[in-house]
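Student: This is the structure I want to talk about, given as structure tokens.
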Amino acid sequence: MVFALPGLWVLAVVAAELLSPRGTHLVQLLAAAPALACAGTGRRQCVLLAGVCALLALVPLGSAGRLDAAARLGTCCAVVAVAALAHLLTAGRRRLLRELERAREVAAAAQRTLLRPLPPRLGGMTLAGGHLSVSEGALVGGDLYEALATPHGVRVVIGDVRGHGLGAIGTVSAVLGSFREAAHDEPELPGVLRRLERALQRQLGERALGEEFVTVLLLEVGPDGLVKALNCGHPWPYRLSRTPGHRVRATAVGRGDPLPPLGLFPLPAELPVLRLTWLAPGDALVLHTDGAEDARDARGEFFPLARVLADAAPVTPVVPAAVVERVRTALLRHTGGRLSDDMALMVLRRDRCRVPGTAPRPGALTSGARPLDPRETPSRRLEDTAPL
């Protein structure tokens, strides 16, 4: 329809000119044909073709005796002038579009480097992640996540920077960069968290921001399925586990009081590592930011994340990529596509069979949180835990 618009315009002007009473001249409107081609398609060939059609349309009008020489010459000059101007504008427009496309490619590559796609498998686990940004055209907002296979187990971080959109990317970069180094270097989770705090303080000092903070959830998944956690003001995750009927149940884990978000107060001297849960082979852990649970529809109702998670993975085995996609689709449908905050979602499914002699008894680990005592042996820590 866009390509045919200049031709339809020429036909309409010719018909109106032939059907109108003598003395009424509408033929000057033919000069708009090249402008319509420029605005509609942006192709120089279409602009030139529209100009030629407008000039050829003067032939039947002139032969019918409805136009004098002056009117015909004036119309021809107007058509040529508009066609020439539209040709120049089209060339400039195409150049700007090419530059915009290159800028988008560079921005997309930079954002993908900052918030890297998760590998499909990592350390005996299947992973998937997704995010939605409030800022139109931005791939990264104020939410962050990363998973790394380290000598200490699979370590995961998910966080939410105060604010959203492009303004939070600098803080996201500082936190993720620090985590990618500290996760390999630090033998314990408290050391990783303190490294994140120092990186955030440097970022805030350089930008002279005194009220910015980041909620952070640090996890470490051992080869036996034990999940350790440190939480600084972040929402607790959900565990997707199998019921006797092979259905999937979404259960909130870790209802203890978290530490304050990073950046508000200094970390305490003692950082209690929490035993969050134990993942049996086939169980999955769903990490999310508050943009998921706090999303509202037009009636003000919150997004039912727990119910959607159970519906997204109705039967085992859980497929992390399918869960992420279904939750994201349901969230956009719930909000009508009008997000008020960034959202990030991360799903980890344990695939590795448990290590003989090191895994806990089924049902031997609570979903609550008890500090780990470094003086305890691994077997003692698991056996002393209250049942679910």
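Student: Is there a residue being under 22 Å from Val175 (Cβ atoms) and not basic (Lys, Arg) anywhere in segment 293-307?
Tutor: Residues of segment 293-307 under 22 Å from Val175 (Cβ atoms): 293-294.
From what is left, the residues that are not basic (Lys, Arg) are 293-294.
Scanning segment 293-307, I find at least one residue that is under 22 Å from Val175 (Cβ atoms) and not basic (Lys, Arg), so the answer is yes.
Student: If you don't mind, another one. If a residue must be of a type in the set (Lys, Arg), in contact with a strand residue (DSSP E or B) (Cβ under 9 Å, 6 or more places away or on another chain) and surrounded by 14 or more Cβ atoms within 10 Å (Cβ to Cβ), how many such residues does segment 294-333 contain?
Tutor: Keep residues of segment 294-333 that are of a type in the set (Lys, Arg), which gives 296, 299, 307, 326, 328, 333.
Checking the rest, the ones that are also in contact with a strand residue (DSSP E or B) (Cβ under 9 Å, 6 or more places away or on another chain) come to 296, 307, 328.
With the extra rule that they be surrounded by 14 or more Cβ atoms within 10 Å (Cβ to Cβ), the set shrinks to 328.
Counting residues in segment 294-333 that are of a type in the set (Lys, Arg), in contact with a strand residue (DSSP E or B) (Cβ under 9 Å, 6 or more places away or on another chain) and surrounded by 14 or more Cβ atoms within 10 Å (Cβ to Cβ) gives 1.
Student: I need every pair where a residue in segment 241-263 that is in a strand (DSSP E or B) has its Cβ under 6 Å from the Cβ of a residue that is of a type in the set (S, T, N, Q), sequence separation at least 6 or different chains.
Tutor: Going by the 6 Å Cβ cut-off, the qualifying pairs are Arg242/Thr316; Arg249/Ser241; Arg249/Thr243.
Student: Report whether or not Thr289 is open to solvent by less than 20 Å² (accessible area, probe 1.4 Å), hydroxyl-bearing (Ser, Thr, Tyr) and either free of Cβ contacts under 8 Å to residues at least 40 places away in the same chain or within 16 Å of Val154 (Cβ to Cβ) (or both).
Tutor: Numbers: open to solvent by less than 20 Å² (accessible area, probe 1.4 Å): yes; hydroxyl-bearing (Ser, Thr, Tyr): yes; either free of Cβ contacts under 8 Å to residues at least 40 places away in the same chain or within 16 Å of Val154 (Cβ to Cβ) (or both): no.
The answer is no for Thr289.
Student: Can you work out which of the residues in segment 272-294 that are within 29 Å of the chain's Cα centre (by Cα) and small (Gly, Ala, Ser) is farthest from Asp160 (Cα to Cα)?
Tutor: Among them, the one singled out is Gly282.
Student: Taking the criterion of being open to solvent by less than 50 Å² (accessible area, probe 1.4 Å), part of a helix (DSSP H, G or I) and either under 22 Å from Ala284 (Cβ atoms) or in contact with a His (Cβ under 8 Å, 6 or more places away or on another chain) (or both), would at least one residue in segment 226-233 satisfy it? Let's see the steps before the verdict.
Tutor: In the first step, residues of segment 226-233 are kept if they are open to solvent by less than 50 Å² (accessible area, probe 1.4 Å); the result is 226-233.
If we keep only those that are part of a helix (DSSP H, G or I) as well, we get none.
No, segment 226-233 contains no residue that is open to solvent by less than 50 Å² (accessible area, probe 1.4 Å), part of a helix (DSSP H, G or I) and either under 22 Å from Ala284 (Cβ atoms) or in contact with a His (Cβ under 8 Å, 6 or more places away or on another chain) (or both).
Student: If Ala149 meets every condition in (1) modelled with pLDDT under 90; (2) assigned to a strand (DSSP E or B); (3) surrounded by fewer than 22 Cβ atoms within 10 Å (Cβ to Cβ) apart from one, which number is that one?
Tutor: (1)
Student: Follow-up. Could you please find all residues in segment 178-192 being farther than 12 Å from Val157 by Cα and out of contact with any Lys or Arg (no Cβ under 7 Å at 6 or more places or on another chain)?
Tutor: Of segment 178-192, the ones farther than 12 Å from Val157 by Cα are 181, 184-188, 190-191.
Correct list: Glu181, His184, Asp185, Pro187, Glu188, Pro190, Gly191.
The values are calculated or read from the model by the stated rules, or taken from the named source; none is laboratory data. What you are looking at is a predicted structure, and each value in this text was computed from that prediction instead of being measured. In this analysis, Cβ positions are derived from the backbone assuming ideal geometry, glycine residues included, and neighbour counts consider all displayed protein chains. Just the protein is used for accessible areas: all its heavy atoms, side chains included, with ligands, DNA and RNA removed. Shrake-Rupley method; radii C 1.70, N 1.55, O 1.52, S 1.80 Å.
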